[in-house]
Protein chains: 4
Amino acid sequence: MVALVGISGSLRKASHNRALLRAVGETLPAGAALEILDGALDLPIFNSDLADPASVVDLKARIGAADGVVFAVPEYNYSIPGGLKNALDWLSRPPPLSPLRGKPVALVGAASGMSGTIRAQGHLRAMLVYSDTPCLNQPEVLIPRAHERFDAEGRLTDASTRALLERFGAAFVAFVARYRNES
Amino acid sequence: MVALVGISGSLRKASHNRALLRAVGETLPAGAALEILDGALDLPIFNSDLADPASVVDLKARIGAADGVVFAVPEYNYSIPGGLKNALDWLSRPPPLSPLRGKPVALVGAASGMSGTIRAQGHLRAMLVYSDTPCLNQPEVLIPRAHERFDAEGRLTDASTRALLERFGAAFVAFVARYRNES
Amino acid sequence: MVALVGISGSLRKASHNRALLRAVGETLPAGAALEILDGALDLPIFNSDLADPASVVDLKARIGAADGVVFAVPEYNYSIPGGLKNALDWLSRPPPLSPLRGKPVALVGAASGMSGTIRAQGHLRAMLVYSDTPCLNQPEVLIPRAHERFDAEGRLTDASTRALLERFGAAFVAFVARYRNES
Amino acid sequence: MVALVGISGSLRKASHNRALLRAVGETLPAGAALEILDGALDLPIFNSDLADPASVVDLKARIGAADGVVFAVPEYNYSIPGGLKNALDWLSRPPPLSPLRGKPVALVGAASGMSGTIRAQGHLRAMLVYSDTPCLNQPEVLIPRAHERFDAEGRLTDASTRALLERFGAAFVAFVARYRNES
């Protein structure tokens, strides 16, 4: 079994990115499963003067136990949400003990405009170099006009997006396998 | 008078970036002053389902009233701190009413390594394009080995850094003047 | 009169970016004109051991004489074309004498996909910080599905794109005016 | 045997980046060798209207035959040199046949200033996502004050840099092995 966890960068109730994460879970190949970590962003603002609060200890343990992580990335101000960045700030310290170190990661993102969170994903990729976190290159999952692809209950209704997610899931599971052998 | 406000991205007590912001204030040309907005990052995690809390309303008013903003940017995970990004997420919404729109901004940053927050400042510059915020290009204030340039009380002790800050302050005040005429 | 020059990053005969540059010229406000510098990329590969060849001397003079520059930016490998970067390498040396120093610049870009050259324009903005070149923030001109917006002769046929270019031209001419007063 | 090729982004005769590439070759673990591809940038400016010239056909073949590629990246205008970008533009087309697709790559860079080509390497990493090219995360080889670390003949004289290159070489050879098994 390949056990993945998913973290959405949005706290909105009707978030397309949380819906996208669910759709990722539904389109994984057999033998892989995704658990969404709701509440992962519910952390105090990072301050390196402080010890890890219990919420951070728990989040680190869940990521440490997973075979890989999928981040669903809304785009705010042409970058990732502050809440998601704040979670990374906690997770990456201290660097030698970070559960992100060597952990395979992949990114997806949905937005109502045309760009599909391109800029936010680019920033997140750059951040993951710091924590020595391998990140899947392709296929990129950049979903524009998200409101046309999910229904009011957040179910994916677009066949081409579903096909993309199937290719993405297969590629990420293969990527995880490549890194699992040596970690 | 040119009234500037400063926001430090670090919550650490002995933060070099807060110390750098103080040094910026001390090296401004005559006729300009900088007020540091302590507590600017003390905001809930942004959620567009929510109305602005009082802390955000207050921060927006202070930035709206200022002639320009100096951000002191530590580098976490090769980008700006999540707490600072979270403040930007609140400040930038809704875009037409954001106090960052057209507001002249400049960046400074200090770090203990060699890079002097290069990557973080690069990300912040990209974010400010979204909010249509003019950002001073040069001189860049990228302070490496910060622990060698400030004493234990956070006072700037390095003459070349002081000279750089004087050039920076003069350039930013001229930049603010250029934008004030038309806003 | 506001005298602008335009440089296209593509050498393709049927380039949408050259067509876009022509459309920019046609939608400028009264009192402004754009001359396209064909052949601007026709330079040897930059080598700082060499003195400027005649083609570089000429290009520097044309940019130095202009009030502002519009770059039309295709996206190759998620960045600007090597030929355009090579022209910047020549133009930016030596830094104190570069015609890009303080020269107002704006970016436009067209592509057949959905992203409209977002990543390439982001890279170019970062490069222009080096040469201390002010770059218009908004409106961004990111034209997706360019083949649906230009006809076979490269004429702009899309009304919403034309309206965007009119807003862009007005904003850039105002930006040039702001910088011309002090340079 | 692990057969690597190296490409320097600088054409300067006394280039520190070519010297760095030589030092990479000298510090590889047993069983690995690096051949520097001089002349790799000596290509016409990319134009997708044209068929590959012989120089491009040759460069593609050499990269296709290698187990991995090391790019030595000077920083011009806060990005990679135009000549290196131009080589990537040729190498990446058409995407399904690019020798960069799935080819393990690592970056090194040297500069006379403090930043050690941080920005250029960040841009190159972003470009390699397009061509689906896996790129080693850590250790990053960012050599500041290069003139203090190489002698007049371009020989590496700094012990800490040599130790970094040894760790880099070992990490890259392991990275190549991880990808070779499945390509």
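Where a number appears in this text, it was derived from the coordinates with a stated rule and is not lab data. Model, not experiment: these values are computed from the prediction. Glycine also receives a Cβ, built like all others from the backbone with ideal geometry; neighbour counts cover every protein chain displayed.
Here region D:117-183 is treated as an ellipsoid with the same Cα gyration tensor; its semi-axes, largest first and in whole Å, are 26, 16, 9. Positive contributions from Lys and Arg (+1) and negative ones from Asp and Glu (-1), summed over other residues with Cβ under 14 Å from the Cβ of B:Pro29, come out at -1.
Label region A:1-75 by shape, choosing from rounded, prolate and oblate, from the square roots a ≥ b ≥ c of the eigenvalues of the Cα gyration tensor; if a/c is under 1.5 it is rounded, and otherwise prolate applies when a/b is larger than b/c, oblate when it is not.
Values: a/c = 3.09, a/b = 1.42, b/c = 2.18.
Because a/c hits 1.5 or more and a/b fails to exceed b/c, region A:1-75 counts as oblate.
For C:Leu4, neighbours were defined as the other residues whose beta-carbon sits under 10 Å from its Cβ, and their charges (Lys and Arg +1, Asp and Glu -1) total -2.
How many partner chain Cβ atoms sit within 10 Å of a residue's Cβ in peptide A:37-46, on average, as a whole number? It would help to have the intermediate numbers written out before the result.
Working: counts 0, 0, 0, 0, 5, 2, 2, 3, 12, 8.
For this peptide, the per-residue mean of nearby foreign Cβ atoms is 3.
The mean of 1/r over all distinct Cα pairs in region D:57-98, once inverted, gives the Kirkwood hydrodynamic radius of 11.5 Å.
Could you work out the relative contact order of region B:2-180? I mean the mean sequence separation of Cα pairs under 8 Å and 6+ apart, divided by the number of residues, in percent. The partial results should precede the final answer.
Numbers: 323 pairs, mean separation 47.0, N = 179.
Computed over region B:2-180, the figure is 26 percent.
Between the amide H of B:Ile36 and those of B:Gly6, distances stay under 5 Å, these residues lying 5 or more places away or on another chain, with hydrogens modeled in the peptide plane. Highest mobility in the GNM of chain A, judged by mean-square fluctuation with C-alpha springs under 10 Å and restricted to A:Ile143, A:Ile45, A:Ile118, is found for A:Ile45.
Among D:Val69, D:Val129, D:Val105, which one moves the most in a GNM of chain D with springs linking Cα atoms closer than 10 Å? So, out of D:Val69, D:Val129, D:Val105, the one fluctuating most is D:Val129.
To one decimal place, what Kirkwood hydrodynamic radius in Å is obtained for chain C from all pairs of distinct Cα atoms? Over chain C, the inverse of the mean reciprocal pair distance is 16.3 Å.
Could you line up B:His123, D:His147, B:His16 from fewest to most neighbouring Cβ atoms inside 10 Å? If you can, show how the numbers build up before the last one.
Numbers: B:His123 27, D:His147 12, B:His16 24.
Going from sparsest to densest Cβ surroundings: D:His147, B:His16, B:His123.
For the listed residue pairs B:Lys103/C:Lys103; B:Lys60/C:Lys103; A:Lys13/A:Lys85; B:Lys60/B:Lys85; C:Lys103/D:Lys13, the alpha carbons are over 23 angstrom apart in B:Lys60/C:Lys103; C:Lys103/D:Lys13.
If you wrap a convex hull around the C-alpha atoms of region A:32-104 and split its volume per residue, what is the figure in Å³? Spell out each step's value before the answer.
On the way: hull volume 7.7 nm³, N = 73.
Convex hull volume per residue, Cα atoms: 105 Å³.
Once label points are set 7 Å from the Cα along Cα→Cβ at both B:Ala51 and A:Ala51, what is their separation, rounded to one decimal in nm? If labels sit at B:Ala51 and A:Ala51, their model points lie 4.0 nm apart.
Would you kindly state the longest site-free stretch of chain B, with sites defined as trypsin sites (Lys or Arg not before Pro) in a DSSP loop (not H, G, I, E, B) surrounded by at most 12 other Cβ atoms within 10 Å? Present the calculation step by step, with values, prior to reporting the outcome.
Values: sites that count: B:Lys13, B:Arg155.
No qualifying site falls inside B:14-154, the longest such stretch.
The Cα atoms of the protein assembly as shown cover 64, 62, 57 Å along the three principal axes, with the biggest extent listed first.
Projected label points at C:Ala163 and C:Ala33, each 7 Å from Cα along the beta carbon direction, are separated by 3.0 nanometres. Taking the Cα centroid of region B:129-169 and of region A:39-57, what is the distance between the two, rounded to the nearest whole Å? So the separation of the two Cα centres works out to 29 Å. Under the combined filter of DSSP loop state and at most 13 neighbouring Cβ atoms within 10 Å, region C:143-183 retains these GluC sites (Glu not before Pro): C:Glu153, C:Glu182. Under 5 Å from the amide H of D:Val2 lie the amide H atoms of D:Ala32, D:Ala33, each residue being 5 or more positions distant or on a separate chain, with H modelled from the backbone and absent for Pro and chain starts.
Helical runs (DSSP H, four residues minimum) scored at -39500 (n - 2.57) apiece and divided by the length of chain C put the mean residue ellipticity at 222 nm at -12000 deg cm²/dmol. Taking Cα centre as origin and charging only the Cβ of basic (Lys, Arg, +1) and acidic (Asp, Glu, -1) residues, the dipole magnitude of region C:2-180 rounds to 280 debye.
Diffusion of region A:85-151 by Stokes-Einstein, at 10 °C in a medium of 1.306 mPa s and with Rh set to the Kirkwood radius over alpha-carbon pairs, works out to 122 µm²/s.
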